[in-house]
Amino acid sequence: MITDDPGTPGNGHWENNFAIAFEHRPNEWSIDAPAIDLNYGWGDHIQLTLQMSLVTLKRSDHGAVTGIGGTEAAVKWRFLDEATNGLDMSMFPRVIFNVVQSSVRRGLAEDGTRFQIPFQMAKTFGRWHADVEFGPRAITVGRSEWLYGIVCGFDVAKPTMLMAELHDELRMNFSRDVLTLNFGLRHEFTENYILIMSMGHELRSPDQPTAFIGYFGMQLVY
């Protein structure tokens, strides 16, 4: 899902996601393949994260171009645990930057550097799960934004969870928002191999046509 949760892998453990993600607008396809998300547990409450992807952009008026997309480095600190405090809560500061500036000129990455300081909260109610994320995003090129997301999950069986999400990105004055409705599935084949996938659609997008989005990946935990 777009919204992050407070979970961390645990001391010395890895939680790595390898996926194909796409975004489709009229006359345009953008595909991240592979999209790589590496997470390492430094202690029981700290997660170190590195994300990167190879992006292919295809528009109707020119051929496909491929290059490195934006790269993300982040540290998550889970400072409340549901077992002892009644809910999980974390902060997840991150920086998103461009390793290759030519990707911006070719439309494969956004211009400038972005800094996010979101907070995440999660609570379990039997077979139901709720996650909330909110926080600011400062951008060196363009206007800064607020981000928030809400995810509701339900365990349909012991290894399988279905999820629904609302995620919003809006200006600091709470205007011109990009609102996305997303649905996801998480299925544990084993405790080490987990299928993660989602499909969604932007309900509002003031600056360009709304997009249809998707994510299909495998999570490896060890």
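The values are calculated or read from the model by the stated rules, or taken from the named source; none is laboratory data. Nothing here was measured: the structure is a model prediction, and the numbers come from that model. When we count neighbours, we look across all protein chains shown, and the Cβ atoms used for this are built from the backbone with ideal geometry, even at glycine. We work out accessible area using only protein heavy atoms, side chains counted, and drop any ligands, DNA or RNA first. Shrake-Rupley method; radii C 1.70, N 1.55, O 1.52, S 1.80 Å.
Residues that are farther than 30 Å from Q208 by Cβ and either open to solvent by 70 Å² or more (accessible area, probe 1.4 Å) or in contact with a helix residue (DSSP H, G or I) (Cβ under 7 Å, 6 or more places away or on another chain) (or both): find the strands (runs of 3 or more DSSP E) completely inside region 4-97 holding 1 or more of those. Talk me through it step by step, then tell me what you get.
On the way: elements: 14-25, 28-41, 46-59, 62-68, 71-80, 88-91, 94-97.
Where strands (runs of 3 or more DSSP E) fall fully within region 4-97 and carry at least 1 residues being farther than 30 Å from Q208 by Cβ and either open to solvent by 70 Å² or more (accessible area, probe 1.4 Å) or in contact with a helix residue (DSSP H, G or I) (Cβ under 7 Å, 6 or more places away or on another chain) (or both), they are 14-25, 28-41, 71-80, 88-91.
Looking only at region 122-143, count how many residues are open to solvent by 40 Å² or more (accessible area, probe 1.4 Å) and either closer than 30 Å to A64 by Cα or in a loop (DSSP other than H, G, I, E, B) (or both).
Matching residues across region 122-143 total 6.
Checking the condition closer than 24 Å to P118 by Cα, at pLDDT below 95 and in a strand (DSSP E or B), which residue from L170, L203, L166 passes? Explain how you work it out, then say what you get.
On the way: L203 fails: at pLDDT below 95; L166 fails: at pLDDT below 95.
The conditions single out L170.
Kindly indicate whether R176 is among the basic types (K, R) and either open to solvent by less than 60 Å² (accessible area, probe 1.4 Å) or at pLDDT below 95 (or both). Reasoning before the result, please.
Details: among the basic types (K, R): yes; either open to solvent by less than 60 Å² (accessible area, probe 1.4 Å) or at pLDDT below 95 (or both): yes.
Yes, satisfied.
Looking only at region 101-121, how many residues end up being open to solvent by 50 Å² or more (accessible area, probe 1.4 Å) and either under 18 Å from L48 (Cα atoms) or part of a loop (DSSP other than H, G, I, E, B) (or both)? It would help to see each step written out before you state the result.
Step one: of region 101-121, the residues open to solvent by 50 Å² or more (accessible area, probe 1.4 Å) are 101, 105-106, 110-111, 115, 117, 119, 121.
From what is left, the residues that are either under 18 Å from L48 (Cα atoms) or part of a loop (DSSP other than H, G, I, E, B) (or both) are 101, 106, 110-111, 115, 117, 119.
Here the count works out to 7.
Would you mind telling me which numbered condition in (1) open to solvent by less than 70 Å² (accessible area, probe 1.4 Å); (2) touching an Asp or Glu at 6+ places or on another chain (Cβ under 8 Å); (3) under 26 Å from G41 (Cα atoms) I150 fails?
Single failed check for I150: (1).
So which residues in region 173-182 are among the β-branched types (V, I, T) and either within 13 Å of the chain's Cα centre (by Cα) or in a loop (DSSP other than H, G, I, E, B) (or both)? Reasoning before the result, please.
Going residue by residue through region 173-182, those that are among the β-branched types (V, I, T) are 178, 180.
T180, the sole residue that qualifies.
Of the residues T180, T190, T124, T210, which is among the β-branched types (V, I, T) and touching a helix residue (DSSP H, G or I) at 6+ places or on another chain (Cβ under 8 Å)? Break it down stepwise before answering.
Working: T180 fails: touching a helix residue (DSSP H, G or I) at 6+ places or on another chain (Cβ under 8 Å); T190 fails: touching a helix residue (DSSP H, G or I) at 6+ places or on another chain (Cβ under 8 Å); T210 fails: touching a helix residue (DSSP H, G or I) at 6+ places or on another chain (Cβ under 8 Å).
After applying the criteria, what remains is T124.
With the checklist (1) under 19 Å from the mean Cα position of the chain (by Cα); (2) open to solvent by 50 Å² or more (accessible area, probe 1.4 Å); (3) modelled with pLDDT under 95; (4) under 24 Å from A35 (Cβ atoms) in hand, flag the one item P209 doesn't pass.
Only one criterion is unmet by P209, namely (1).
Please pick out the residue among T71, T66, T84 that is of a type in the set (S, T, N, Q) and in contact with a Ser or Thr (Cβ under 8 Å, 6 or more places away or on another chain). Break it down into steps so the answer makes sense when it comes.
On the way: T71 fails: in contact with a Ser or Thr (Cβ under 8 Å, 6 or more places away or on another chain); T84 fails: in contact with a Ser or Thr (Cβ under 8 Å, 6 or more places away or on another chain).
Matching residue, one of T71, T66, T84: T66.
Just give me the residues in region 179-195 being open to solvent by 30 Å² or more (accessible area, probe 1.4 Å) and modelled with pLDDT of 95 or more, in sequence order. Break it down into steps so the answer makes sense when it comes.
Let us first name the residues in region 179-195 that are open to solvent by 30 Å² or more (accessible area, probe 1.4 Å), namely 181, 183, 185-193, 195.
Those that are open to solvent by 30 Å² or more (accessible area, probe 1.4 Å) and modelled with pLDDT of 95 or more: L181, F183, L185, R186, H187, E188, F189, T190, N192, Y193, L195.
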